[in-house]
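Since the structure comes first, as structure tokens, the remarks are kept for the end.
The values are calculated or read from the model by the stated rules, or taken from the named source; none is laboratory data. Keep in mind that this is a model prediction, so the values were computed, not measured. Don't worry about glycine lacking a Cβ; one is built from the backbone with ideal geometry, like all the others, and counts go over all protein chains shown.
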Amino acid sequence: MSRIAARFAALKKEGRGAFIPFLEAYDPDPATSLALLRGFPRAGADLIEIGVPFTDPMADGPTVQRAGQRGLKAGATLPGALAMVRDFRKEDDATPVILMGYYNPILAYGSERFCMDAAASGVDGLIIVDVPPEEADEIEPAAKANGLDLIRLVAPTTDDARLPRVLAATSGFVYYVAIAGVTGTRSATREALEANIPRIRKHTDLPIAIGFGVRTPEQAAEAARISDGAVVASALIDTLAESLDEQGRARPDTVRKVLDQVRALSEAVRKAG
């Protein structure tokens, strides 16, 4: 059983959903980014999503785009993101880690070599935003061969005719994009979520996590109640960005401020049951 499957199974036994925080690799610098990654589990993260900075992100809203730009300025690369995971695994061999990004850097790296190196580094799953199921043969065989889950995005606009095709190419969990748009711009209504999550469950036994537009502890708790997990990204990055000095450098309290927010979000999800 993969780390992702094992973690969701354990949380199901506990009777609660997962809290999944996001960080952008190397934002605002490698040391701060790694300190956040190491601190996430102690602050209550059940799974962790790491964004790999890319010059032309299509699903990222302004907040995540700026985080990616800061990461790139700090020297972020795909090998650098894998090195972060290796460093994290020296202390934590249990928390599932998912890389989220775009296919260009993987293609340049070499799909087969990337999947081998990702698995060896301790990565558990991949969210590759711009590889649809119809083009899954670009990376799916190598991912499966190395035990990596391919996590697909399902949107409110994914209709019942297409849904089975998307889900058939998904493993680990389903990432439900709560809004039709980019990350961090607005939030979905409870009514919309309560209508769409059961529709997806008809087609899959995989856990479902809700992301895009989940910002507050209340929204995270609601998302975890309706589905199997809540992903929070832009709200955490906003806190990080607001803590930086005039030159965009981390201050002494940057890590603490972000981890305090992670702790508050995690507590809300745990209390939601």
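Quick look at the numbers
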| quantity | calculated |
| --- | --- |
| Failed criterion for residue 13 (all others in (1) buried (at least 23 other Cβ atoms within 10 Å of the Cβ); (2) charged (D, E, K, R); (3) free of Cβ contacts under 8 Å to residues at least 40 places away in the same chain hold) | (1) |
| Answer residue from region 99-120, given it is touching a Phe, Trp or Tyr at 6+ places or on another chain (Cβ under 9 Å) and under 25 Å from residue 18 (Cβ atoms) and is surrounded by the fewest Cβ atoms within 10 Å (Cβ to Cβ) among those | 102 |
| Matching residues in region 1-16 - criterion: being assigned to a loop (DSSP other than H, G, I, E, B) and either within 15 Å of the chain's Cα centre (by Cα) or more than 21 Å from residue 263 (Cα to Cα) (or both) | 1, 2 |
| Filter result (among the hydroxyl-bearing types (Ser, Thr, Tyr) and in a helix (DSSP H, G or I)) within region 29-87 | 32, 33, 63 |
| Search result, residues across region 210-268 that are within 20 Å of residue 68 (Cα to Cα) and among the small types (Gly, Ala, Ser) | 211, 213, 233, 234, 235, 241, 243, 248, 250 |
| Restricting region 245-257 to residues that are touching a residue at least 24 places away in the same chain (Cβ under 8 Å) and surrounded by fewer than 17 Cβ atoms within 10 Å (Cβ to Cβ), the residue that is nearest to residue 37 (Cα to Cα) | 249 |
| Those residues of region 141-154 which are closer than 14 Å to residue 127 by Cα and either β-branched (Val, Ile, Thr) or without any contact (Cβ under 8 Å) to a residue 60 or more places away in the chain (or both), in sequence order | 143, 144, 148, 150, 151, 152, 154 |
| Among (1) more than 15 Å from the chain's Cα centre (by Cα); (2) modelled with pLDDT of 95 or more; (3) not in a helix (DSSP H, G or I), the one test that residue 117 misses | (3) |
| Residue in region 141-160 that is surrounded by 19 or more Cβ atoms within 10 Å (Cβ to Cβ) and more than 16 Å from residue 175 (Cβ to Cβ) present | yes |
| Residue count, region 129-164 (criterion: charged (D, E, K, R) and not in a helix (DSSP H, G or I)) | 6 |
| First in region 79-91 and on the phi < 0 side of the Ramachandran plot and surrounded by fewer than 15 Cβ atoms within 10 Å (Cβ to Cβ), second anywhere and among the small types (Gly, Ala, Ser) and not in a helix (DSSP H, G or I), Cβ under 8 Å, 6 or more apart | 86/122 |
| All positions within region 255-273 that are touching an Asp or Glu at 6+ places or on another chain (Cβ under 9 Å), at pLDDT 95 or above and more than 13 Å from residue 214 (Cα to Cα) | 257, 270 |
